[in-house]
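Written out below as structure tokens is the structure these notes cover.
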Amino acid sequence: MSKTIAGREIDLNEEGYLTDFSQWTEEVGQAIAEEEGIALTDRHWEVIRYLQEAHQKQEALSIRGPANVAPFPSRSSTRCSRKGR
């Protein structure tokens, strides 16, 4: 199945996920986000670019990876504090 996204014909699976990595562009990502009602910020794009680069290099992905990429703060500075502690 295919769909026109950001003026490009994009191949999708039955669930609507892209099946050809080479068809993804930032314009396609932006259009998909807009369809979903998501306003992408600079922080979103930092994570997206990190994941795209890691995928292209065929690196194993980890949820800890983006936290180690500047300018993300260290884990100690992002901890939530609980009231009374």
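For every residue, the table says whether it meets (1) modelled with pLDDT of 95 or more; (2) in a helix (DSSP H, G or I).
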| site | (1), (2) |
| --- | --- |
| THR4 | yes, no |
| GLU15 | no, no |
| SER22 | no, yes |
| ALA31 | yes, yes |
| GLU46 | no, yes |
| ARG49 | no, yes |
| HIS55 | no, yes |
| SER62 | no, no |
| PRO71 | no, no |
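Mind listing whichever residues of the stretch 1-41 are open to solvent by 90 Å² or more (accessible area, probe 1.4 Å), under 20 Å from HIS55 (Cα atoms) and among the charged types (D, E, K, R)?
Passing the criteria: only GLU27.
The values are calculated or read from the model by the stated rules, or taken from the named source; none is laboratory data. Predicted model only: the values in this text are computed from it and were never measured. Accessible surface is based on the protein model in full, side chains and every heavy atom, while ligands, DNA and RNA are left aside. Shrake-Rupley method; radii C 1.70, N 1.55, O 1.52, S 1.80 Å.
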